[in-house]
Amino acid sequence: MAAIVWLVAGLLLAAAEMLTGDLTLLMLGAAALGTAGVSAVTDLPVVADAVVFAVIAAVLILGVRPVLRRRFGTPPPLATNADALPGKSALVLEPVAEHSGLVKLGGEVWTARPLDPAESYPEGVTVYVMKIDGATAVVWKGP
């Protein structure tokens, strides 16, 4: 009878994991299923079943869960669109000054301004995008 209770508890915990996605309930569900197997094979008292459950749960939560979280966790987000542009090089199409300028960046023409308002960059110079400010590339020629 105890094996059936552990089996049901394991299945319910594993099903409840779908609501959290944290892998904790899945580890507890697996521990309950393991305890159900031990309880079905042996005729241990309930206290011994609880100890078996605790040992299996501790091994799974402390040993297996961190490995699974690293392996299947959310990967770092990749920079896309304007967030991916800082650090890229651009070609100056029209002289870049404090209030005017165009650069070719990734095959597209962008308005640009220098990082240091006192600087200006002539046509044909390669500059580097430091940040994107709205629809304007803030560029710097570098050292």
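Residues in region 95-108 that are assigned to a strand (DSSP E or B), open to solvent by 40 Å² or more (accessible area, probe 1.4 Å) and out of contact with any Ser or Thr (no Cβ under 7 Å at 6 or more places or on another chain): LYS104, GLU108. All of THR74, THR136 fail the test of being more than 28 Å from VAL8 (Cβ to Cβ) and open to solvent by less than 60 Å² (accessible area, probe 1.4 Å), apart from THR136.
Residue check: ASP83 meets all listed conditions (1) in a loop (DSSP other than H, G, I, E, B); (2) at pLDDT below 90 but one, namely (1).
Each row is one residue, and each column tells you yes or no for (1) assigned to a helix (DSSP H, G or I); (2) open to solvent by 30 Å² or more (accessible area, probe 1.4 Å); (3) within 23 Å of THR74 (Cβ to Cβ); (4) basic (Lys, Arg).
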position: ALA15; (1), (2), (3), (4): yes, yes, yes, no
position: GLY29; (1), (2), (3), (4): yes, no, yes, no
position: THR35; (1), (2), (3), (4): yes, no, no, no
position: ALA40; (1), (2), (3), (4): yes, yes, no, no
position: ASP43; (1), (2), (3), (4): no, yes, no, no
position: VAL47; (1), (2), (3), (4): yes, yes, no, no
position: ALA50; (1), (2), (3), (4): yes, yes, no, no
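Criterion applied to ALA118, ALA137 was being of a type outside the set (S, T, N, Q) and in a strand (DSSP E or B), and the one residue passing it is ALA137.
Starting from residues that are out of contact with any Lys or Arg (no Cβ under 8 Å at 6 or more places or on another chain) and part of a loop (DSSP other than H, G, I, E, B), keep the ones in region 121-133 and report whichever is most open to solvent (accessible area, probe 1.4 Å). Applying the filter and picking the extreme gives GLU123. If the condition is being open to solvent by 50 Å² or more (accessible area, probe 1.4 Å) and over 18 Å from the mean Cα position of the chain (by Cα), then region 82-94 contributes PRO86, GLY87, LYS88, SER89, LEU91, LEU93, GLU94. Look at region 110-133: where a residue is in contact (Cβ under 8 Å) with a residue 40 or more places away in the chain and a partner is charged (D, E, K, R), sitting 6+ places away or on another chain with Cβ atoms under 7 Å, you get VAL129/LYS88.
The values are calculated or read from the model by the stated rules, or taken from the named source; none is laboratory data. All of these numbers come straight from a predicted model, not from anything done at the bench. Ideal geometry is used to build each Cβ from the backbone, glycine not excepted, and the neighbour counts take in all protein chains shown. The protein model used for the area step is the full one, side chains on, heavy atoms only, and it has no ligands, DNA or RNA in it. Shrake-Rupley method; radii C 1.70, N 1.55, O 1.52, S 1.80 Å.
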